[in-house]
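Peer 1: Dropping the structure in here first, questions after.
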Amino acid sequence: MQSYDSLAAVQAAISTSSLTLEQLVNNYLHRINANQHLNAFVEVFVDEAIQKAQLIDKKIKNGTAGKLAGMVIGIKDNICYKNHKVSASSKILEGFTSIYSSTVVERLLAEDAIIIGRLNCDEFAMGGSNETSYYGPVLNAADTTKVSGGSSGGSAVAVQADLCLAALGTDTGGSVRQPAAFCGVVGLKPTYGRVSRHGIIAFASSFDQVGPITKSIEDAALLLEVIAGKDEYDGTATSIPVPNYSNELNFNGKARIAYLDETLNSEGLDPEIRALMQQNIDLLRADGHTVEEAHFPLLDYVVPTYYILTTAEASSNLARYDGVHYGYRSPQAIDLESTYKKSRTEGFGLEVKRRIMLGTFVLSAGYYDAYYAKAQRVRRMIMDNLNEILSKYDFILLPNAPTTAWNLGEKLKDPVVMYLEDIFTVQASLSGLPAISVPVGQHSNNLPIGLQLIGKKFDEAGLLSFSKILLNINKKA
Amino acid sequence: MIRNTVYDNYELVVGLEVHAQLSTNTKIFCADSAAFGAEPNCNISPISLGLPGTLPKLNQKVVEYAIKLGLATNGTINKYNAFDRKNYFYADLPKGYQISQDAKPISVGGHIEVNLKDGTRKKIHLHHIHMEEDAGKSMHDQDPFNSCIDLNRAGVPLLEIVSEPDLRSSEQAAQYLTEMRKLLRYLDICDGNMEEGSMRCDANISVRLKGSKEYGTRCEVKNMNSIKNVQRAIDFEFKRQIDVLEAGGTITQNTLNFDASTGVTSVLRTKEMANDYRYFPEPDLLPVVVTDEYIKSVQAELPLLPEQLIHKYTTEYGLPEYDAIVLTDNKQFALYFNEVVKFTSNYKAAANWMMGAVKSYLNDQVIEITSFQLKPKQLAAIINLIDDGRINNSVANQQVFPELLKHPEKNVEQLTHELEVFIEADDNELIGFIDQVLDKYPEKVKEYHKGKKNLIGLFMGDVMKLSKGKIDPKSANKLMIDRLELHK
């Protein structure tokens, strides 16, 4: 089948009558079927997708179709869609059906996107390799012995392997950007508050953001402009107007870019990724941009701070999965207390339980000040540090991850080793800043490498348009 | 004389936590109805159910109501308000946490004044007032094998009003609750119905030797659904704690349950069993910042509160304090009185009619003033007829008022006319009636002149009968004294 890299390409093919949406959906369904071993989808909405395609084909003919007509998209299994199952890839929500749709789904549907299925992820989005999923790991399509990255591993692989045109993921500490980097696709984490979290199964409320995973910057821009904006169901979603990102993709002038000494010279950074960073710095300079070194002395604190705060929030957010009202209830439960203990013990996986325990600990009496309160203060310092840099520069360029995708199972034994993989993605999360992973290179191990740009608060327009420059100078090189 | 007992050596120390359910239309964090009494689990959206992915959205009305109470209790309104999560597991708490305020409550400090039996007033200080959501309701008596959960109440807005440990007797506690309920009703933010649970109270109770500066170990008593029961629980605990101490024991800081049928407290959970609530800032809600301007606008809309009304009645209307307190005991009653005095300037008469005839009619009928069939203007009209000397007081009380209650649609003037009770008799007629009566009681007249002056009441009663009430009692009384002199 012909592969399409952007919605514009799909729409062009449809407009010349060389393609119908129904054919496109059938092609994707065929590819999903042929690539089941990747384990990207938890559920495929086969009949519904075909019916929708037929309907939207008619709308296209009548000229009444929305701007996402032709967009065949998958959604991470933590995004609620009315009358569809949603499980956060956890046993505790196996078989649970949402009775309402998330705001992002409502907005996609309103513009005639077709949601083709729900995508595998780490359980409750907790993980960086998609190996904590109740449904098993997602395999990297570039090398099936490697992890997909996570937690939106299914979303990244589905786009990477051409199982759908785009996907929505969620990013709490890098869960969109890191799998996108591991799979060679574009992954955008918007500014905290840019996209409504209504209908997103919460992991850490003050970090979670929905973001698109796409093959092109154009599609990321288009999806963001559809899903972003204020929402009466989410008070943390900002009322700052949403620009037409897709019309603002030409970056004007020359940018000022900072790279962080501490990240570039980080001990654990793969030498080839460091070299690619260096090469990109040179390319940007050659293109007339200013690239300078900046300092981020708090780098060593970002991972501990992130894990204290996110686990604290998660321990509370996941309290509702108690076997009483919905979701998994242990058959051994005989009273209220055993309902809680047994349902949660049996329903949650190891990593989720580890984080609930950690989060409960850091909030408990006697430890709150030493952990949670201190981490809050460090978060503020990290934020101030990055905002200070961004007051002098337009963007910060840094690696996405210290390495390329690792072997399945390789880091599962030691959670600390796994957590340290987040070292380059969590600072944008802690600061609420927008960040994007741009696929710019390939490692000698044949795995993709993505570099990360962090932008100013709510400057997704700048971030997206400059990402095109970064992508283009790498293509030329 | 009551014998001095060991209990007299101790002082009671009580602080109360009052939960007031706000009478907003919708819940605190979603658009579900907050009404009481619906069929179980009817006012429940995904948000009330705590379904995955749902988020709270603050109902601004709750902030307004909270500020109203904060201002009315002389508290300091926090301009920067944050919500916190209080984490604990319970079957009727769908999210596994309650959204509350811990570190930054909406109102800090303040006080209310209460009247005590001995006629003195006491200031009870408040620690703070905070906003939070109610939990659902667990029902254990609906099914023999299962507990049932009704989530209609989950998310209904509450104000928790925490007093300082200023209360020194169960009477003070009862008065405090009475005053607080009155205030909530005047502000029209809570119906204050303890039986339906729209106002609930927990009491922190301790004892200490008189003169001691240190507080004793306190116990928190829950589950008291009337002011009377709060009083009973406090009295019981006072004795129980002293008995423990006097027997050489110590008080353990427990949470207690009060059983209204036995009047006894029992341990609900010990300190060791207490939850660690792991409060932390609610990340799903932005802090609520209130401006000085907004606080001023809420202040400007506050109704006159009992204190202010009492002041107005005693100073502007010259009413005795007792009258003012009785009139303001119930907001609607006071509002009715305010209407009556728009149509008559005889404030004392208006107060008397309200506290006498009107109140006893309401009590007899077991209705509220809001269901009273007479308009304030009609009541004022009766008072004005008396003041103008056109009907006499007893006729007004015994004939006009009862007849008007039967025919509230009638005009007072017209009704009085139909009853033929306008004062019509001239002095000659009156003298005729008086002489007739005095002639009837020659012996009594002699006794009168010997000093039994109160016999005049008997004579007047008969004159009234003869005249069918159509006389002005004042002039009749004067004439009667004159005529008695002639009958020596």
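Values quoted throughout were computed directly from the atomic coordinates according to the rules given, and no laboratory measurement underlies them. From a predicted model like this one, the values you see are computed outputs, not experimental measurements. Here the Cβ positions follow ideal geometry from the backbone for every residue, glycine too, while neighbour counts run over all protein chains shown.
Peer 1: Just the C-alpha atoms of the protein assembly as shown: what Rg/Rh do they give, with Rh taken as the Kirkwood radius?
Peer 2: Numbers: Rg = 38.6 Å, Rh = 33.3 Å.
Radius of gyration relative to Kirkwood radius: 1.16.
Peer 1: Given a Förster distance of 60 angstrom, what is the FRET efficiency for residue B:274 paired with residue B:60, based on the Cβ-Cβ distance and rounded to 0.05? Can you show the working numbers first?
Peer 2: Numbers: r = 34 Å, r/R0 = 0.57.
Once the sixth-power term is evaluated, E becomes 0.95.
Peer 1: In region B:45-176, if every C-alpha pair distance is counted and binned at 10 Å from zero, what percent goes to each bin?
Peer 2: The calculated distribution, bin by bin, is 12, 32, 28, 21, 7, 1.
Peer 1: Would you mind calculating the relative contact order of chain A from Cα pairs under 8 angstrom and at least 6 residues apart, reporting the percent as a whole number? Let's see the in-between values first.
Peer 2: On the way: 1105 pairs, mean separation 79.0, N = 477.
In percent, rounded to a whole number, it is 17.
Peer 1: Ok, one more. Take each uninterrupted DSSP H stretch in chain B, measure its Cα extent along the helix axis, and return the ones at 15 Å or beyond whose mean Kyte-Doolittle hydropathy is at least 0.5.
Peer 2: Values: long enough: B:60-72 (18 Å, 0.58); B:170-187 (25 Å, -0.57); B:227-246 (29 Å, -0.41); B:376-387 (16 Å, 0.72); B:427-440 (19 Å, -0.12); B:456-467 (16 Å, 1.16); B:473-486 (20 Å, -0.40).
Those that pass (Cα extent of 15 Å or more, hydropathy at least 0.5) are B:60-72, B:376-387, B:456-467.
Peer 1: For each of B:366, A:362, count neighbouring Cβ atoms within 10 Å of the residue's Cβ, then give the residues from fewest to most.
Peer 2: Details: B:366 7, A:362 23.
Placing the least packed residue first, the sequence is B:366, A:362.
Peer 1: Which part of region A:429-473 falls in the paramagnetic zone of residue A:254, meaning amide N under 12 Å from the point 7 Å along Cα-to-beta-carbon?
Peer 2: none
Peer 1: Going by how many other Cβ atoms sit within 10 Å of their own, how do A:475, A:146 line up, fewest first? Spell out each step's value before the answer.
Peer 2: Numbers: A:475 8, A:146 22.
Sorted ascending by nearby Cβ count, the order is A:475, A:146.
Peer 1: Now a separate question. Can you tell me the dipole magnitude for the protein assembly as shown around its Cα centre, using point charges on the Cβ only (Lys, Arg +1; Asp, Glu -1), in Debye to the nearest 20?
Peer 2: Numbers: 100 positive and 119 negative charges, 122 e Å.
That gives a dipole near 580 debye.
Peer 1: Using r as the Cβ-Cβ distance of residue B:352 and residue B:329, and R0 as 22 Å, what FRET efficiency do you calculate, to the nearest 0.05?
Peer 2: On the way: r = 16 Å, r/R0 = 0.72.
It comes out at approximately 0.90.
Peer 1: How are the Cα pair distances of region A:223-291 distributed, in percent, across 5 Å bins from 0?
Peer 2: Distribution as computed: 3, 13, 14, 12, 10, 13, 15, 13, 5, 0 percent.
Peer 1: Measuring from the lowest to the highest alpha carbon on each principal axis, how far does region B:427-487 reach, largest first, in angstroms?
Peer 2: So the extents along the principal axes, rounded to whole Å, are 30, 17, 17.
Peer 1: Okay, next question. Count the lysine pairs in region A:7-247 that are 8 or more places apart or on different chains: how many have C-alpha atoms under 17 angstrom apart?
Peer 2: 11
Peer 1: Tell me, B:271, A:52, A:374 in order of fewest to most beta-carbon neighbours within 10 Å?
Peer 2: Fewest-to-most ranking of B:271, A:52, A:374: B:271, A:374, A:52.
Peer 1: So what is the relative contact order of region B:1-136, in percent, for Cα pairs below 8 Å that sit 6 or more residues apart? Please report the intermediate quantities before stating the final value.
Peer 2: Working: 195 pairs, mean separation 25.5, N = 136.
For region B:1-136, the relative contact order is 19 percent.
Peer 1: To check you understand DSSP bridge types, tell me what percent of the beta bridges within region B:6-294 (both residues inside) are antiparallel, rounded to 5. Intermediate results must be reported in sequence, preceding the final value.
Peer 2: Values: 54 of 57 bridges.
Of the beta bridges lying entirely in region B:6-294, close to 95 percent run antiparallel.
Peer 1: A follow-up question, please. Could you tell me the relative contact order of region B:304-419? Use alpha-carbon pairs under 8 Å, at least six residues apart, and round to a whole percent.
Peer 2: On the way: 92 pairs, mean separation 23.4, N = 116.
Contact order relative to length: 20 percent.
Peer 1: Using just the helices of chain A, give the 222 nm mean residue ellipticity in deg cm²/dmol: DSSP H runs with n ≥ 4 each add -39,500 (n - 2.57), and the total is spread over all residues, rounded to 500.
Peer 2: Details: 16 runs with 187 residues, N = 477.
Computed mean residue ellipticity for chain A: -12000 deg cm²/dmol.
Peer 1: Label points 7 Å out from Cα along the Cβ direction at residue B:143 and residue A:275: separation in nm?
Peer 2: Result for the modelled spin labels: 6.7 nm.
Peer 1: Now a separate question. Name the residues of region A:411-455 whose amide N is less than 17 Å from a point 7 angstrom out from the Cα of residue A:267 along the C-beta direction?
Peer 2: A:416-424
Peer 1: Could you check the spin-label model distance between residue A:332 and residue B:88? Points 7 Å from the Cα along Cα→Cβ, value in nm.
Peer 2: Output for this residue pair reads 2.8 nm.
Peer 1: For region B:264-403, rounded, prolate or oblate, judged on the Cα gyration tensor with a ≥ b ≥ c (square roots of eigenvalues), a/c < 1.5 rounded, else prolate if a/b > b/c? Display every interim value, and only then the final one.
Peer 2: On the way: a/c = 3.34, a/b = 2.03, b/c = 1.65.
Verdict is prolate for region B:264-403.
Peer 1: Let me ask something else about it. On average, how many beta carbons from a partner chain sit within 10 Å of the beta carbon of a residue in A:446-457? Display every interim value, and only then the final one.
Peer 2: On the way: counts 0, 0, 0, 0, 0, 0, 0, 0, 0, 0, 0, 0.
Mean partner-chain Cβ count within 10 Å for A:446-457: 0.
Peer 1: Between residue A:350 and residue A:99, what FRET efficiency follows from the Cβ-Cβ distance if R0 is 41 Å, with the result rounded to 0.05? Don't skip to the answer; put the middle values down first.
Peer 2: On the way: r = 30 Å, r/R0 = 0.73.
That gives a FRET efficiency of 0.85.
Peer 1: If you don't mind, there's one more thing I want to ask. Taking residue B:312 as the anchor, which aspartates and glutamates have their alpha carbon closer than 15 Å to its alpha carbon, excluding any fewer than eight residues away along the same chain?
Peer 2: Residue B:312 reaches B:321, B:323, B:329, B:339.
Peer 1: Let me ask another. List the trypsin sites (Lys or Arg not before Pro) within region B:135-225 that DSSP assigns to loop and that have no more than 16 neighbouring Cβ atoms inside 10 Å. Please list the in-between numbers first.
Peer 2: Details: sites: B:137, B:153, B:168, B:181, B:182, B:185, B:200, B:208, B:210, B:213, B:218, B:222; in loops: B:153, B:168, B:210, B:213, B:218.
For trypsin sites (Lys or Arg not before Pro) across region B:135-225 that sit outside H, G, I, E and B with at most 16 neighbouring Cβ atoms in 10 Å, the list reads B:168, B:210, B:213.
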